[in-house]
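Student: Input: one structure, supplied below.
A short reminder: the numbers here are calculations on the coordinates, not readings from a lab. Note that the structure is a prediction, hence the values are computed from the model and not measured. When we count neighbours, we look across all protein chains shown, and the Cβ atoms used for this are built from the backbone with ideal geometry, even at glycine.
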Amino acid sequence: MSRPICSDCGKVINYYAKRCQLCDYKLRGKRQVGKNNPNWIGGIPKCLGCGKEVMYTKKYCRKCAGLIRRGDNKIVKECRQCGKAFRTYSKKRYLCSHECQGLYKVGKNACNWQGGISFEEYPKDFTDGLKERIRFRDGYKCRECGCPQVECARALDVHHIDYDKHNNMPDNLISLCQRCHTTANVRRPVWKAHFKEVVNGLG
């Protein structure tokens, strides 16, 4: 059986090589690598989902690939700072960007600070019996998300629609779960108009 020869100089070479060592060494300096290579595609490839650099054999990073396998479960939420709608996988996220996160403040520095009116005491006519009647009217369910009271950690909160604690008329009260009650304290004019429509629909 004849042994293979070098394709450049014709010398007899090893069975597992295409060129002899000398020809291969000379060719190394002439090889086109990096941007000079005709197959150059712009450097390290990036994830098609988030744009992060990935391996040459991958199209998505590990995080995006896992999300694709589980399916697109993004939910649409409203930013508490700017009111802009955004999509996210996290149920705990409530700000659309890092800019809004830096602007979002609490207490006296918050954009919706009302002078501390949430710490005012409720009047005497806002009794437990009145709260129970409002919960019964609303079917013992949160009027925003529909969560029943039996699935909540505590009894449903009774929220003042116009944020006036002294206005305890039934058409100014609505039952909310703890999470929705907390959310309703941001962008109050929007929630005020929304809850008025909900209560008017009950009548």
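Student: On a full-extension model of 0.36 nm per residue, what is the gain between T182 and Y122, subtracting their alpha-carbon distance, rounded to one decimal in nm?
Tutor: 19.8 nm
Student: If you don't mind, another one. What distance in nm lies between label points placed 7 Å from Cα along the C-beta direction at R133 and N14?
Tutor: So the label points at R133 and N14 sit 9.6 nm apart.
Student: Tell me the net charge near H166. Cut-off is 14 Å between Cβ atoms, H166 excluded, with +1 for each Lys or Arg and -1 for each Asp or Glu. Before the final figure, lay out each step's value.
Tutor: Working: positive: K124, K165; negative: E120, E121, D125, D162, D164.
Taking every other residue near H166 into account, the sum is -3.
Student: Now for a different question. How high is the FRET efficiency from V198 to T88, r the C-beta distance, R0 25 Å, rounded to 0.05?
Tutor: With a Förster radius of 25 Å, E is 0.45.
Student: Add +1 for every Lys or Arg and -1 for every Asp or Glu among the other residues with Cβ under 11 Å from the Cβ of R135, and state the total.
Tutor: Here the count lands on +1.
Student: Starting from the Cα gyration tensor of the range 125-202, take the square roots of the eigenvalues, sort them a ≥ b ≥ c, and report rounded, prolate or oblate (rounded when a/c is under 1.5, otherwise prolate if a/b is larger than b/c, else oblate).
Tutor: rounded
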